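First the structure, in the form of structure tokens, and then the observations on it.
The values are calculated or read from the model by the stated rules, or taken from the named source; none is laboratory data. Given the structure is predicted, the values throughout are model-derived calculations rather than measurements. Cβ: placed from backbone, ideal geometry, glycine included. Neighbour counts: every protein chain shown.
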Amino acid sequence: MICPPDSPIPLSQKDLFNALNCKGEFLVLKLSYNDYEQELQTQKIMYKISQALSVIVSYEDDGKSYKKIEKFVKYINDISDEKQNSTFGIKKVKNLSEYPITILFSAILPINQLRMSVGKKLYEFIHSDDKYFKPKFQKWRDVVSLDIGVPLLPILPKLDTKLEDFTVVLIDLIDDRLISKFEVDAEVDKESIELYLLKLFYIYKVLAKEKESIK
């Protein structure tokens, strides 16, 4: 993954060492530039990023890959959170390897390894006004992060059409354990959503203490 000092955008051994030296697990994902369209459908990178406090990407450039690199850089930048260390390097090569993109996800902490699934109408509601909900959820994460002492990343709720319209399910990705399942009032609005964020706040507090004691 190292991109030498004379690379278009260097990536040093120290950058990688610092990422691997962070508390938590790590994962390496290798991709080709043709995987971009598939990623827009599967969102595999997006959900991996939502679990890692550090994301480092190395790209190979054979002189004909600028546009492809630009698409990936913009995509990863757009889905990264301000609490994350997100950086990348580009190295010149004569010929691209089979997998010219290497992504190192590190500082993967248990509290960020959760999956939230929601019913159709609730999913539509929380995506109905991004200008309102994104800052609200960001503020909520900041409060929880401060309380539990761990940076909390966006959980990215997934639509599950098998659930009732206003059901919320929280799953631990480590052991696929059901953490919580509850119903949101069908009359939920921008003001009453606070009640459910408060419920999630206490779930995260209990979960953080549990994972700390297991560690």
Quick test for you: out of D147, D130, D78, D160, pick the one residue that is more than 28 Å from L195 (Cβ to Cβ) and surrounded by fewer than 20 Cβ atoms within 10 Å (Cβ to Cβ). D78
Subset of segment 39-66 that is assigned to a loop (DSSP other than H, G, I, E, B) and without any contact (Cβ under 8 Å) to a residue 12 or more places away in the chain - its residue that is surrounded by the most Cβ atoms within 10 Å (Cβ to Cβ): Q43
Going by the conditions given, is S128 within 12 Å of the chain's Cα centre (by Cα) and farther than 22 Å from K181 by Cα? no
What's the total number of residues in segment 13-38 that are in contact (Cβ under 8 Å) with a residue 24 or more places away in the chain, part of a loop (DSSP other than H, G, I, E, B) and exposed (fewer than 15 other Cβ atoms within 10 Å of the Cβ)? 2
Can you name every residue in segment 133-162 that is assigned to a loop (DSSP other than H, G, I, E, B), closer than 21 Å to M46 by Cβ and more than 17 Å from the chain's Cα centre (by Cα)? D160, T161
Matching strands (runs of 3 or more DSSP E) fully within segment 74-132 where at least 2 residues are under 21 Å from F26 (Cβ atoms) and at pLDDT 95 or above: 85-92, 101-108
Tell me the residue from D175, D185, D189, D165 that is outside any strand (DSSP E or B), among the charged types (D, E, K, R), surrounded by 14 or more Cβ atoms within 10 Å (Cβ to Cβ) and without any contact (Cβ under 8 Å) to a residue 60 or more places away in the chain, please. D165
Quick check on this structure: which one of I111, I69, I90 is crowded, with 18+ Cβ neighbours inside 10 Å, of a type in the set (A, V, I, L, M, F, W, C) and closer than 22 Å to F17 by Cα? I90
